[in-house]
Amino acid sequence: MSDADLRRAAARFGTPLYQYDFDVIERQVLLLRRAIGPRFELAYAVKANPSAGVLHFLSKFGLSSDVASRGELAAALRAGFPRSKILATGPAKSDADLEALVRARVSIIHAEGEWELEQLEKIGARIRGRIPVGLRLNPPWGIAEKRVIIGGPGAKKFGFDIRSAERVLRTSFPHLDICGFQVFNASNVLDARLLVENTQNVLNLALSLSKKYAVPLRSVDFGGGFGVPYAQGEMPLNLGVLRKGLQEIAARVERELRLRGTRLVFEPGRFLVAESGTYVTRVLGTKRSLGVDYVLVDGGVHHFLRPVLLGTPHRVRLIPEKTNGRSGPSSPSKKSLVISGPLCTSLDILHPAARLPLPARGDLLAFENAGAYGYTESMPLFLSHEWPAEIGVRKGRLARLRKAPSAASLLAAQECPF
Ligand SMILES: Cc1ncc(COP(=O)(O)O)c(C=O)c1O
């Protein structure tokens, strides 16, 4: 996103704010579609960025979507994702979530526990129908990359371990049509070979369970996990390697009778939206304390928790308020800066050691790659500061996606009955 766009957005909508570049989202969809090839289906994981404007834009590319709650289901339907292309996955779906998913007739519900199957069976009996269900599996292998966030071998709250899955597959559920499997084994993987290997392993597992328990394979879902570089020096995912590996798998799939007509689904979130997003804050002031340079800004981890939650600072850019020659060869030397927000906790560090020239009051600091698991993975109620707005930019045109609720409207939603 250009400095000019960010300056324009900050002047028009105020700071702090989230800005998403829709041209980047489009680029990422086209890149990933090309890399996975026509045999694999792309379902957007709504949790990565559920902003209505983002969902609506993505739905226009004909993507499927993966939802984790009835709130995400409502958002996906409103955005225009067809129910026949909605999948549902989530480790603790409430009875109300399951009810809403069945009522909406989503294409498949990935169950993650026996109580979910029992609940779905009850709903199926009540509506006298058969509900399409996949089993989310927790396989005994991981993805051997140390940056993996979810997944890896061992006990987990996600899905069924293989022994539990086999027990379930021996049980009769007259109102469930168990017709697929899902495995989400890792998030933010940058090694394409590991993603290809995982895809083949998941397919082998699905095939062997399908043969052993006569499960029709209408859907095999490989989860998300396509990574983007956050830290300095990290290399982007090699899409050429991904493409070649998945092409080889697609060729093998053609020879497998059981996989004729099977949906082969990836459900990425981060890859499609992370790089589109920037969290923009304004510098309130700087101070030096015991040799450390602090930059205090008008946003913080209440809006952008990810850097402290995962201990991975995002790249940050200084955008001087005025373009008065403070950049270029004669620009001031860089320092190591601690960038912090207004929360009364020392956890509120947006960057522990940013290498930047010391900014001036009024300058902008823009945190990059904030489009996935940014705003909605944060805790905006903490300390009752105002929330950021969400802004989109498409081919140079700026538009608001979500108005920040005012402090007054947040107060108005509360009652004091005692
Ligand atoms: C079930 C499920 N599918 C897909 C995703 C998206 O993963 P990513 O953003 O790494 O592609 C997640 C992320 O947590 C998930 O839990």
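Evaluating THR286 against the criteria (1) open to solvent by 40 Å² or more (accessible area, probe 1.4 Å); (2) under 26 Å from TYR44 (Cβ atoms); (3) away from the ligand (no atom under 16 Å from the Cβ); (4) not basic (Lys, Arg) leaves one unmet condition, (2). Quick check: is even one residue across segment 36-44 outside the structural domain of ARG252 (by TED's automatic domain parsing), under 16 Å from MET1 (Cβ atoms) and in contact with a Leu (Cβ under 9 Å, 6 or more places away or on another chain)? No, the conditions are met nowhere in segment 36-44.
The number of residues in segment 173-189 being modelled with pLDDT under 95 and not in a strand (DSSP E or B) comes to 4. Among the residues examined, VAL283 qualifies as modelled with pLDDT of 95 or more, aliphatic (A, V, I, L, M), in a strand (DSSP E or B) and assigned by TED's automatic domain parsing to the domain that holds SER378. Can we say PRO380 is open to solvent by less than 30 Å² (accessible area, probe 1.4 Å), more than 14 Å from THR15 (Cα to Cα), part of a loop (DSSP other than H, G, I, E, B) and away from the ligand (no atom under 16 Å from the Cβ)? Yes: the conditions hold for PRO380.
Among the residues making up segment 12-41, those that are in a helix (DSSP H, G or I) and among the aromatic types (Phe, Trp, Tyr) are PHE13, PHE22.
From the list THR312, THR278, the one residue that fits, being at pLDDT below 95 and among the β-branched types (Val, Ile, Thr), is THR312. Exactly one residue out of GLU99, GLU41 is at pLDDT 95 or above and over 16 Å from GLU267 (Cα atoms), and it is GLU99. Each residue in segment 80-127 was checked for being in a helix (DSSP H, G or I), open to solvent by less than 10 Å² (accessible area, probe 1.4 Å) and small (Gly, Ala, Ser), and 1 of them qualify. Checked against (1) among the aliphatic types (A, V, I, L, M); (2) crowded, with 20+ Cβ neighbours inside 10 Å; (3) assigned to a loop (DSSP other than H, G, I, E, B), LEU264 passes all but a single condition, namely (3).
Close contacts from segment 214-242, counting a first residue that is within 16 Å of VAL189 (Cβ to Cβ) and a second that is within 11 Å of the ligand (Cβ to nearest atom) and hydroxyl-bearing (Ser, Thr, Tyr), with Cβ to Cβ under 6 Å and a gap of 6+ residues or different chains, come to GLY225/SER187.
Condition check for PRO91 on (1) within 12 Å of the ligand (Cβ to nearest atom); (2) at pLDDT 95 or above: one failure, at (2).
May I ask you to verify whether LEU309 is open to solvent by 50 Å² or more (accessible area, probe 1.4 Å) and within 16 Å of the ligand (Cβ to nearest atom)?
Yes: the conditions hold for LEU309.
The residues listed here are ARG193, ARG167, ARG163; of these, the one that is closer than 22 Å to TYR230 by Cβ, modelled with pLDDT of 95 or more and open to solvent by 10 Å² or more (accessible area, probe 1.4 Å) is ARG193. Only one of the numbered conditions (1) among the acidic types (Asp, Glu); (2) touching a residue at least 40 places away in the same chain (Cβ under 8 Å); (3) in a loop (DSSP other than H, G, I, E, B) is not met by GLU386, and that is (2).
Scan segment 360-369 for residues that are touching a helix residue (DSSP H, G or I) at 6+ places or on another chain (Cβ under 9 Å) and farther than 18 Å from LEU347 by Cβ and the total you get is 4.
Check segment 154-164 and report whether any residue there is part of a loop (DSSP other than H, G, I, E, B) and away from the ligand (no atom under 16 Å from the Cβ). Looking through segment 154-164, at least one residue is part of a loop (DSSP other than H, G, I, E, B) and away from the ligand (no atom under 16 Å from the Cβ). Restricting to segment 211-247, and then to whatever is open to solvent by 90 Å² or more (accessible area, probe 1.4 Å) and more than 22 Å from LEU137 (Cα to Cα), can you tell me which residue is nearest to the ligand (Cβ to nearest atom)? Filtering first and then ranking leaves MET235. Could you tell me whether GLY224 is assigned to a strand (DSSP E or B) and of a type in the set (Gly, Ala, Ser)? Answer is no for this residue. Residue-level check: of (1) surrounded by fewer than 19 Cβ atoms within 10 Å (Cβ to Cβ); (2) in contact with a Leu (Cβ under 8 Å, 6 or more places away or on another chain), LEU73 misses just (1).
The values are calculated or read from the model by the stated rules, or taken from the named source; none is laboratory data. Remember, predicted model here, so these are calculated numbers, not experimental data. Cβ atoms come from the backbone with ideal geometry, glycine included; neighbour counts cover every protein chain shown. The accessibility values were calculated without ligands, DNA or RNA, using every heavy atom of the protein model including side chains. Shrake-Rupley method; radii C 1.70, N 1.55, O 1.52, S 1.80 Å.
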